[in-house]
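One structure is given below, encoded as structure tokens.
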Amino acid sequence: MAVKTADPEFSVATAPRVPALKTCLELLKPVTWFAPIWAFFCGVVSSGQHFAAHGLTILLGLLLAGPMVCGTSQAVNDWFDRHVDAINEPKRPIPSGRMPGRWGLYIGIIWSLASLAVAAALGPWGFGAAVVALILAWAYSAPPARLKLNGWYGNAAVAICYEGVPWFTGAAIMTAGLPRPHILLIALLYSIGAHGIMTLNDFKAIEGDRAVGIRSLPAMLGAPRAAWVACVVMLLPQVAVIATMLAWHRPYTALAVMTLAFIQAMLMKAFLQNPIAGALKYSATGIIFYVTGMLICAFALAHGA
């Protein structure tokens, strides 16, 4: 008798020996690439350098931030979360049986090495940033670190990997050096706020997380309290950004970020009323205003803020 996988349509006996390209792409989760690509672009803009003189560098950086490093993190996470996904998302490539054997792990390793190869073309700053991002990606999912077992540490690692490191990388490779302190501060503040964004993704997996001992914030605190924490963590760094821009004599930038933060706060009301049902909706609406503020600040930094 064939041993059944989480998806009743597949079994070990009928699963493919080599995954299809479509399945490999699904493992890399293209929908998650937007955040680091956007942050990298903000870093490029904040550097104040002309795009035309760095066209190839920018394209390689976008490739590295999204499909490569972020894709690696998704493959690694799916492999080490295959038992959790069998509960929460049984149709994912690994638990469904469409990604056979240890292919999920192999892809994570191969894509890590490929990411380093691409990063090497971006110089020492780009390569160093990629190393940091990949370490965080593996530490988040893989034992013994497995930072995702705690929602505070795990979400911090992802927020830095998705927002801070790409922003830093974009600015660093454009100037071939350490970005200005002003750039580092704004990138850090938006990375802190991204911790709350990462919590939004945990509301759909509360049952599975509790079953296998993953202490995400919704699993630890319960959905209502975790929703409040996520909202506060998203808003407070933006308040700090507003104050910082005012201190740097950028009142119009501060006003723009304040307006965007106010819109987010209004949208958060529905999310707080029903966190489990509203997390996905808020992710699709409120986050747009968050990342718009990032780009506005990047343009302000480019002009000397």
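Nothing in this text is a laboratory measurement; each read-out follows from the coordinates by a stated rule. Note that the structure is a prediction, hence the values are computed from the model and not measured. In this analysis, Cβ positions are derived from the backbone assuming ideal geometry, glycine residues included, and neighbour counts consider all displayed protein chains.
Assorted remarks:
- 18 Å reach of a label modelled at residue 50, 7 Å along Cα-to-Cβ, counting backbone N of region 267-305: 302-304
- Between the Cα long axis of helix 251-273 and the first principal axis of the chain there is an angle of about 30°, rounded to the nearest 10.
- For the chain, the longest principal axis of the alpha carbon atoms and the long axis of helix 223-247 meet at an angle near 30°.
- Computed about its Cα centre, the charge dipole of region 38-111 is approximately 180 debye, with only Lys, Arg, Asp and Glu carrying charge at their Cβ.
- Long pairs among 29/204; 91/204; 148/281, criterion Cα-Cα beyond 20 Å: 148/281
- Phi angles of region 73-89 translate, via the Karplus equation with coefficients 6.51, -1.76, 1.60 and θ = phi - 60°, into HN-Hα couplings of 4, 5, 5, 4, 5, 5, 5, 7, 10, 4, 6, 5, 5, 4, 8, 7, 9 Hz per residue; Gly and Pro are given as x.
- Rounded to 0.05, the FRET efficiency of the residue 273 and residue 25 pair, given R0 = 45 Å and the Cβ-Cβ distance, is 0.80.
- Values (1) 33; (2) 26; (3) 16 are given for comparison; percent of Cα pairs over 33 Å apart, derived from the coordinates here, is the one labelled (2).
- Computed from point charges on the beta carbon alone (+1 for Lys and Arg, -1 for Asp and Glu), the dipole magnitude for the chain about its Cα centre is near 180 Debye.
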